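The values are calculated or read from the model by the stated rules, or taken from the named source; none is laboratory data. Predicted, not measured: the structure shown is a model, and the values here were computed from it. Please note: Cβ atoms are built from the backbone with ideal geometry, for glycine as well, and neighbour counts cover all protein chains shown. With ligands, DNA and RNA removed, areas are computed over all heavy atoms of the protein, side chains included. Shrake-Rupley method; radii C 1.70, N 1.55, O 1.52, S 1.80 Å.
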Amino acid sequence: MSAFPTVLFDEAHNQAWTTRPDVAEQINPTKPADASYAQAAATLRARGYDVRVHTDGPLDSSVVRDVDVLVVAHPSEPLWERVVPGAGPKLEAGEIETIEAFVRGGGGLVVLGECDQDKYGNNLHELLGRVGLQIRTTTVLDPVHRAHEVDTWVMAQAAPQPERDDLAAGVQGACFYRTGVIDVDASVEHLAPLRTSMSATSPDAPLLVATYAGTGRVVAIADSDLIGDDSIDDFDHRRLWANVVSWAAAPSASDSDGRVRSSPVSYTHLRAHETMTGI
C-alpha cells in the first residue's frame, strides 16, 4: 500500500454533503458550512492523501480501481435535505456489488448516516448489511453526557481498544449531534471505540463501528454532522476523522484460520507519518 492513500468521496447520489466549496454555496447559500466537507477533505490532503470526488455516473469497478478508501456520506431525497444534484440517493444493485467486491478485495469504506436513517430514501441499510451493520433510526438523548446543555448533542464515551487498532487514539472528546446508533450482527468481529453512556436513551450503544470484510475494512458512523465544516473543529473531531480514514486505508491480512486480522505495520505507519508532520 502507498504511504499516501487515495480517498474518493461519492457525490453522485444526492449527498447532503460536498467537498467542493462552490457546490456547498449553491445548495445552501445562507450557510454553506452546513453542507460542506471541504475541511474534511483538506484534513486528508494535509496528511498527503490524494482526495478525489466522484460526481457523475455509477460507482463501477473503473471508478474504484485505484482507490484506497471510498466515502459515502448521507445520501437523501431532496424532500428531506438540500442535496448535491445526482442520480438519486439509492445505490443500484450493481453498485452495491461493486462496493462489496472492492472492500473484500482490500479496499476501505466509510459510511456516514443520520438519526432518522430510515426516512431519507437511500439504501445504506442494504450496503452496510453486507458486512453485518445497520444504522438504527433513533435520536439519542443524554441529559448527563452532553455538550452545551443540549440533550441531543451526545458526548461519546471511549471504550478500550487494541493499541494497533485504536481509532480513538488522541481523541479526548467527540460530540455526536442528533445521532442514531449502530447495530451489529452478533457474529461480526468489530471495534466500537465510541459509545453512548449509560445515561443515554440508547445506553452503551455504538456510535462508530469498524469491521473487516475479506481483506478490506468498513467504518460506519451514526452522525454525518461530525465532520461538517461547522463541526470538524469541535472537540477532537479532526483527529478522529484522520484516524478513521487511516484505519480504513490500511489493508488487513488473513490468519491461517481465515479470520481477518489488522495489519499493524500499515496503520501504524500512517499514524507515524501524521505525528511526524504535526498534523
Could you point to the residue in 121, 108, 78 farthest towards the positive end of segment 50-154's charge dipole, with +1 and -1 charges on the Cβ of Lys/Arg and Asp/Glu respectively? 108
Per the helix-only calculation at 222 nm, which mean residue ellipticity applies to the chain, given -39500 (n - 2.57) for every DSSP H run of n ≥ 4 and division by its residues, nearest 500 deg cm²/dmol? -6500 deg cm²/dmol
Just to confirm a number: summing +1 for Lys and Arg and -1 for Asp and Glu over residues other than residue 201 whose beta-carbon lies under 10 angstrom from that of residue 201, what do you get? -2
Residue 118 versus residue 130: modelled label distance in nm, points set 7 Å from Cα along the beta carbon direction: 2.4
Given the Cα-Cα distance of residue 148 and residue 187 and 0.36 nm per residue of separation, how much length would full extension add, in nm? 10.3 nm
Can you compute the modelled spin-label distance between residue 233 and residue 201, with each label point 7 Å from Cα toward Cβ, in nm? 3.2
So, taking all protein chains as they sit and a 1.4 Å probe, how much accessible area belongs to residue 80, in Å² rounded to tens? 120
Summing +1 per Lys or Arg and -1 per Asp or Glu among the other residues with Cβ less than 12 Å from residue 158's Cβ gives -1
Cβ-defined net charge surrounding residue 12, 14 Å radius [Lys, Arg +1; Asp, Glu -1]: -3
Take each of the peptides 202-213, 219-230, 162-173, average the number of other beta-carbon atoms within 10 Å over its residues, and list them starting from the highest. 219-230, 202-213, 162-173
Give me the extension gain from residue 92 to residue 50: residue separation times 0.36 nm, minus the current Cα-Cα distance, reported in nm with one decimal. 12.5 nm
I'd like to check one number: the per residue accessible area of segment 1-144, probe 1.4 Å, reported in Å² as a whole number. 40
On alpha-carbon atoms, Rg over Rh for segment 177-219 using Kirkwood Rh? 1.02
Alpha carbon centre of segment 65-128 versus segment 1-52: separation in Å? 15
Roll a 1.4 angstrom probe over the protein heavy atoms and tell me the percent of accessible area of segment 146-244 that is carbon or sulfur. 47
